[in-house]
Every structure is written in structure tokens, then in C-alpha cells.
Amino acid sequence: MRPSIKRPSVIVPRPTKASLARQSKIRNSILAPSTNTLKPIQNEQIKSENDLTTIGLNKQQVQARRSSTSAKNNIVFKRRRSLHKLAVIVSGSSLDNSTGEGETLKQVIVASLAENVKKMDLVEQPKTKFSISNDNKENRASKRPTISNTLRKKAIIIPVQIIDKYTAEEFTIEIIEQALTDDDLQTDEDDEPIDPTYAMDYVADIMNLLYTLEKKYPIQSTFLTVPSSSSTSFPLTTMATMANGSATRPWKLTTKHRTIVVGWIIQLFYARFHLSQDAMHICIGLLDRFLQQCINASTAGTSFVTQKNLQLIAVAAFLIAAKVEETHHPPVDELVYVTDHTYTSDQVKRMEKKILHELHFELNRPTSLQFLRRYSFISSAGDEQHAIGKFLIDMALLDISCIGLAPSLIAASATYITRHILNPNQPSTFEQCWPEELQKRSPYKTFESLSNGIKILAQFIDKSLTGNNCKECEILIKRYEHEQLSQASLYCVQQQALIHQLASE
């Protein structure tokens, strides 16, 4: 067993009358400064009340301030009294103990309590000031009228004419492509599962909508060749004036001007900013629609399209197409730099607004690239066939004769020409160049429905591939010479005889 250790017993003496008297003196000495500190504070309150009355405050306001200050002071001094009482009790008990260890321990406790009292005084003062300042800020903010309240008071009234102008029109969708069956949705011709990103469940509805929209927004190729009915004396022209005010020969928008502008846009998309092909087709479509709208609505000698703002229209259409199709469009300042600071950023933005209002914000006209993707998918086209088809529809943008063709007809003609030149050693028939599946899922069932588009596109390609081609065509020919695009332009040059055959039929 562990031996027990005898510890010395501590004898606690009983308090005498002398010790009790000393304790009472110490208590009075500790509590005396706390009571004395209340007097100058009360005097300050009286002075502050007199100052407030001299300023001109009411008695009710003075009483309200007096009650708020007294309540805050009571909270602070109650905490101080409780801490002082605790210190007195501990100090009194320390006097009763005669041992040295207990006395030093209790002295440490008293010192720590005094430090806590000082810390509370330092912390509580900025808190009260901060809370008062926050209350004043909240009261001031509540008195100020907010933006939401002002907007609620002043309701924005939109005129009925503007609402009627931009409301969507109802139109019936013609069913051209039938919906796919369950067997077609699961596997393709090679019995492989179809990628769900192709949206095969509702692709027929999408294509039927695109066929309807291309009929809703037609573009006539005659707006650059035949004068409008409203302009008889100055058809499609604007009078250019010199600095002294004398008139010179009238400026006329011709097909050559349009070809130069389209070639410049193609160079911006492919060489300068490296944007997508979809955005480029949307841009040129917006340009043609806006020019047609302005020329048809212009009166004699007052056409909006002039030689000065033709490039400005192209830049604004470029900006709209980039916003529609691209994730990040080029900044306006960079477009201004491309024009060699001919225009300002404000002019570009105003022209952008003008185009949107003239077209009624209807920017959903389909492009030939959308139809080409569908026809390539239906015909199980390879990379080479699809690349040649993209080359042909890009070349069609430069031809004024292809403006009047529907985007679906341009894509169908490009698909037909591509399949025709890819089999040079075999006799090509209509069923080979335009398979049965394409006949079912497109509005072009016979060769007669495709013959006009095939002839116009083949004639322009045959003319462009010769040595007398324009500079704008050279940009596209050089682009499609790369291996990434299957050297589509080089193959078309090699098979130029077959293209010439289709052009002469």
C-alpha cells in the first residue's frame, strides 16, 4: 500500500472587530471614486440640456435625449459596479487569509479585474458612437427618396404604335420534313448510336421552321439592278456635293460596290478577327436585307445609302452578327481602327440601332450553312464533301445572282455539284447526286426544282476559277487551299471541266 503523507493543517483565524473595521474602510475607499464620477457627468448633462434649449429644441425632444443618454449611462455604470463589488469581496476575503500564497493569488485576481474594467471602458465608448452614427445614417437614408420609389411614381408609358410595330407576327409552318420514327432515332445507317447533341427528337420541327423563315424574309437580287418604283428621276442614286456646294455626278450603288464590301467583310472575318463562318453569313444577310429595305423605301434623290456611309453600314452589320453568333464580339474601338478612324464609335452604335429598327429586330433569317449541315448529315457526307460544299456557299456570297436564291436552294445546289464532281469516273445521275433520302427530307424532289440554282452557282464558280477572277474570290480560294479544309478549292480547279458541264446545261 502507498504510505499516506501527512500535510500541515492550515489554521484560519476568526475575523476580529479590527479586521472587520479595516474591511469596511477598504470598501468605502474603493466605492468612493465611482460615486464621485457621477457628479461631473450629471453636470455635463445639465449643461447639454441648457445648450439644447438655447438652440431652440422642444421640451419633448430634450426629454427624449435625456432618457436615451441616461439609459446608456446606466448600462455602462451597472457593469462597473458589479465588477467593483466583486473586487471588494475578493479583496476582503484576501485580508482574512493569513497565508502568503492565497494573498498573492487574490492580488492577481484583483489586478485582472481592474484591467477588464479598463478594457470595457475603451471598447464601449467607440461602440456607442458607431451605433449613434449608424442610427443617424439610417434616419437620413429613410428620409431620402430612393430610385425605386421615383420609378414607381413615374411609370414609363410605351406608345401603342411602337408595341404594334415590333410585335411578332403569326405564321403557319409548312411541314416539309417528316418527323423521324423511333427506329431512326436510336441508330444510323451503320447501326451505331446517334449523338444526342444532334437533337434528333425535334430536328424535323427545326428544319420546317427554317424553311418557313426563309420564305418570310426574301431578298430580291433586282434591288441593285432595277430602280424602285418610287425613285423615277434618280434611281438608286444619291447626289454627291463638293465643299463649295456645287453638285457633281450622282453616285449610284452598283453590284461592284456590293462585291467590294462583301469581300472586305470576308477578309475581316477570316483574316483579321478569325470568327466563325455562321457569323459571316449572318452579317452579309443583314447587309443585303438592310440595303434592300433602304433602297426600296427611298424617295427620289434622297436615298439613305451613300458612298460615305456604305462602309459604316457594313461595320454595324458586322457588330450585330458578332453579337448574335459569337461568345465575345470585337470591341467597337477596334472596328473603328479597322476603318482607319473614318467613323467614330458613336456613329457605329447609331448605325447599329438604325439597322435593328429598320429590320424590326428580326435577325433570325436562316443561312445556307444551316441547310448545308443538314443535307450533309442526311447524305452521310465525309469531310471532303462538306468542305467543298462550304467553299461553294462562301463563293455564292460574292455573286449578285445568288442573292435572289433561297438559302436552302443554294445549299442543295452546292451539295449536288459536290457529289457530281466527287465521282468523275462514273456517269452521274440525279439519284446519285441527290439521293432518295434527300428527296424525302427536302422541298426539292426533282431535278427541275434544283436546275436553276445549280446552273447559276456552277456558272459563277466556273468563271471564278479561271484566270480572270476577282480579288475577292482569291481570298476564299487561298483559304480553302489548306489541308484542314481538304484542299477544296484545288480539287474544284482540277474538276473544272465537270463544273463547266453543269453550267452549260
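Between a residue in the stretch 187-208 that is farther than 17 Å from residue 440 by Cα and any residue that is modelled with pLDDT of 70 or more, which pairs come within a Cβ distance under 6 Å, given they are 6 or more apart or on different chains?
194/200
Scanning the stretch 201-246 for residues that are under 29 Å from residue 366 (Cβ atoms) and of a type in the set (Val, Ile, Thr), which turns out modelled with the lowest pLDDT?
Looking at residues that are under 29 Å from residue 366 (Cβ atoms) and of a type in the set (Val, Ile, Thr), I get 226.
Pull up the stretch 175-187, narrow it to residues that are open to solvent by 100 Å² or more (accessible area, probe 1.4 Å) and not in a helix (DSSP H, G or I), then point me to the one that is modelled with the highest pLDDT. Walk me through it before giving the result.
Keep residues of the stretch 175-187 that are open to solvent by 100 Å² or more (accessible area, probe 1.4 Å), which gives 175, 178, 182-183, 186.
Of the ones still in play, those that are also not in a helix (DSSP H, G or I) are 175, 178.
Values: 175: 89, 178: 86.
The extreme case among them is 175.
Looking at the stretch 486-501 only, could you name the residues that are part of a helix (DSSP H, G or I) and either touching a residue at least 60 places away in the same chain (Cβ under 8 Å) or buried (at least 19 other Cβ atoms within 10 Å of the Cβ) (or both)? Talk me through it step by step, then tell me what you get.
First pass over the stretch 486-501, keeping only residues part of a helix (DSSP H, G or I): 488-494, 496-501.
488, 489, 491, 492, 498, 499 - these are the residues of the stretch 486-501 that are part of a helix (DSSP H, G or I) and either touching a residue at least 60 places away in the same chain (Cβ under 8 Å) or buried (at least 19 other Cβ atoms within 10 Å of the Cβ) (or both).
Among the listed residues 305, 315, 324, identify the single one that is in contact (Cβ under 8 Å) with a residue 12 or more places away in the chain and open to solvent by 20 Å² or more (accessible area, probe 1.4 Å). Show your work before the answer.
Values: 305 fails: open to solvent by 20 Å² or more (accessible area, probe 1.4 Å); 315 fails: open to solvent by 20 Å² or more (accessible area, probe 1.4 Å).
After applying the criteria, what remains is 324.
Per-residue answers, yes or no, for (1) modelled with pLDDT under 95; (2) of a type in the set (Ser, Thr, Tyr); (3) open to solvent by less than 10 Å² (accessible area, probe 1.4 Å):
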{"site": "248", "(1), (2), (3)": "yes, yes, no"}
{"site": "252", "(1), (2), (3)": "yes, no, no"}
{"site": "256", "(1), (2), (3)": "yes, no, no"}
{"site": "261", "(1), (2), (3)": "no, no, no"}
{"site": "264", "(1), (2), (3)": "no, no, no"}
{"site": "271", "(1), (2), (3)": "yes, no, no"}
{"site": "278", "(1), (2), (3)": "no, no, no"}
{"site": "283", "(1), (2), (3)": "no, no, yes"}
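State whether one or more residues within the stretch 188-200 are acidic (Asp, Glu), open to solvent by less than 80 Å² (accessible area, probe 1.4 Å), modelled with pLDDT under 70 and outside any helix (DSSP H, G or I).
Yes: the stretch 188-200 contains one or more residues that are acidic (Asp, Glu), open to solvent by less than 80 Å² (accessible area, probe 1.4 Å), modelled with pLDDT under 70 and outside any helix (DSSP H, G or I).
Before we move on, is residue 378 within 20 Å of residue 266 (Cβ to Cβ) and in contact with a Leu (Cβ under 7 Å, 6 or more places away or on another chain)? Break it down into steps so the answer makes sense when it comes.
On the way: within 20 Å of residue 266 (Cβ to Cβ): no; in contact with a Leu (Cβ under 7 Å, 6 or more places away or on another chain): yes.
The answer is no for residue 378.
Restricting to the stretch 439-474, what's the tally of residues that are assigned to a helix (DSSP H, G or I), closer than 21 Å to residue 379 by Cα, open to solvent by less than 40 Å² (accessible area, probe 1.4 Å) and touching a residue at least 60 places away in the same chain (Cβ under 8 Å)?
Residues flagged as assigned to a helix (DSSP H, G or I), closer than 21 Å to residue 379 by Cα, open to solvent by less than 40 Å² (accessible area, probe 1.4 Å) and touching a residue at least 60 places away in the same chain (Cβ under 8 Å) within the stretch 439-474 amount to 1.
Results for (1) more than 25 Å from residue 287 (Cβ to Cβ); (2) open to solvent by 10 Å² or more (accessible area, probe 1.4 Å), shown as yes or no for each residue.
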| site | (1), (2) |
| --- | --- |
| 383 | yes, yes |
| 390 | no, yes |
| 400 | no, yes |
| 410 | no, yes |
| 414 | no, no |
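The values are calculated or read from the model by the stated rules, or taken from the named source; none is laboratory data. Note that the structure is a prediction, hence the values are computed from the model and not measured. Every residue, glycine as well, gets a Cβ built from its backbone with ideal geometry; the counts of neighbours run over all protein chains shown. Note: accessible area is taken over every heavy atom of the protein model, side chains too, but ligands, DNA and RNA are not part of it. Shrake-Rupley method; radii C 1.70, N 1.55, O 1.52, S 1.80 Å.
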